[in-house]
Amino acid sequence: MYKVLIAIITFLFSTFAHAQYANIEASTGGFSFIPAFTSEDPHIIVNAGTTDSRPLSFHLLSTIRLENLNPRGVIFMSRYKFIDKKLKASIGIHLPAIQIDKEFNVDTFFAQEFIASYPLSDKWFLGLFYLHGEGRNNDFKANFLAFSTTFIEGKFSFLTQAYGLDLDNTYGVSETITYKVSKNIDFRGFANKTISNGKFNWTLGARYNL
């Protein structure tokens with residue numbers, strides 16, 4: 001386990017050193033591409049990578065438990081933008097994707113994604129996100145699909161998602177509200193209602209853009 005932690009820390013520092021963008025968020029919860037899976041425990045969320053100004057980009061997402069500063073998950077993503085006009089579309093892979101539980105058991109995953117966005121106006125945007133994931137050392141296998149709208153008004157942005165997951169017939173809606181304080185600082189609120197099981201979860205976070 002300690003070799004895994006050392007490898008993750010080395011990987012994080014190496015990515016930050018070569019990143020074209022990076023931000024760190026302190027949150028009352030975690031982050032998941034699947035809103036229903038978002039942790040309710042306090043986390044530090046780290047994002048870094050290259051910009052999407054070129055067709056091929058690389059990204060790192062890491063979540064770290066705030067209570068003991070142990071990593072909870074690390075995902076390295078590579079994305080290729082094959083449509084870059086008014087309609088934008090990209091495909092990507094998550095390799096590796098690592099998840100570490102509180103007992104330090106490590107699960108690894110491989111995933112493929114498709115992302116598309118289309119502006120209706122300067123303030124309104126439509127989005128689609130598809131994710132297929134499979135476990136490498138576990139039997140996890142799922143398909144996730146989300147449709148979204150983004151509305152931008154001044155310093156506020158509102159991201160609304162309706163999603164479905166073919167695991168336990170999971171579906172729901174989520175809302176992320178972001179308020180941009182300055183070029184480097186923003187506050188975010190996230191709320192999710194998993195309609196299929198009635199669960200409600202939310203998080204609040206403060207993010208610093210390096």
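Give all pairs with beta carbons closer than 6 Å in which a residue from the range 26-41 that is closer than 9 Å to residue 190 by Cβ meets a residue that is open to solvent by 20 Å² or more (accessible area, probe 1.4 Å) and among the polar types (S, T, N, Q); count only pairs at least 6 apart in sequence or on separate chains.
So the pair list comes out as 38/32.
Go through the range 186-203 and give me each residue that's of a type in the set (S, T, N, Q) and not in a strand (DSSP E or B).
196, 197
Considering each of 120, 87, 128 in turn, give the residue that is touching a strand residue (DSSP E or B) at 6+ places or on another chain (Cβ under 8 Å) and open to solvent by less than 70 Å² (accessible area, probe 1.4 Å).
128
Could you please let me know if residue 129 is at pLDDT 95 or above, touching a Ser or Thr at 6+ places or on another chain (Cβ under 8 Å) and over 22 Å from residue 195 (Cβ atoms)?
no
Restricting the range 30-42 to residues that are over 13 Å from the mean Cα position of the chain (by Cα) and surrounded by 14 or more Cβ atoms within 10 Å (Cβ to Cβ), which is modelled with the lowest pLDDT?
Here the answer is 41.
I need the full set of residues from the range 147-166 which are open to solvent by less than 40 Å² (accessible area, probe 1.4 Å) and free of Cβ contacts under 8 Å to residues at least 60 places away in the same chain, in order please.
148, 150, 157, 164
Give 193, 180 a once-over and let me know the one that is within 21 Å of residue 21 (Cβ to Cβ) and either loosely packed, with under 14 Cβ neighbours inside 10 Å or not hydroxyl-bearing (Ser, Thr, Tyr) (or both).
The unique qualifying residue is 180.
Would you mention how many residues in the range 95-109 are open to solvent by less than 70 Å² (accessible area, probe 1.4 Å), more than 15 Å from the chain's Cα centre (by Cα), more than 23 Å from residue 169 (Cβ to Cβ) and of a type outside the set (A, V, I, L, M)?
2
So which residues in the range 57-91 are over 13 Å from the mean Cα position of the chain (by Cα), under 21 Å from residue 134 (Cβ atoms) and not aromatic (Phe, Trp, Tyr), if there are any at all?
Selection gives 72, 78, 79, 90, 91.
Here are the criteria: (1) surrounded by 14 or more Cβ atoms within 10 Å (Cβ to Cβ); (2) modelled with pLDDT under 90; (3) not in a loop (DSSP other than H, G, I, E, B); (4) not aliphatic (A, V, I, L, M). Tell me which single one residue 14 does not satisfy.
(1)
Go through the range 142-168 and give me each residue that's modelled with pLDDT under 95 and not hydrophobic (A, V, I, L, M, F, W, C).
Hit for the range 142-168 is 168, nothing else.
Read through the list (1) closer than 30 Å to residue 198 by Cα; (2) touching a residue at least 24 places away in the same chain (Cβ under 8 Å); (3) surrounded by 14 or more Cβ atoms within 10 Å (Cβ to Cβ), then give the number of the only condition that residue 138 fails.
Condition not satisfied by residue 138: (3).
The values are calculated or read from the model by the stated rules, or taken from the named source; none is laboratory data. Here the structure is a predicted model, which is why all the values come from computation and not from measurement. Don't worry about glycine lacking a Cβ; one is built from the backbone with ideal geometry, like all the others, and counts go over all protein chains shown. Calculation scope for accessible area: heavy atoms of the full protein, side chains included, ligands and nucleic acids excluded. Shrake-Rupley method; radii C 1.70, N 1.55, O 1.52, S 1.80 Å.
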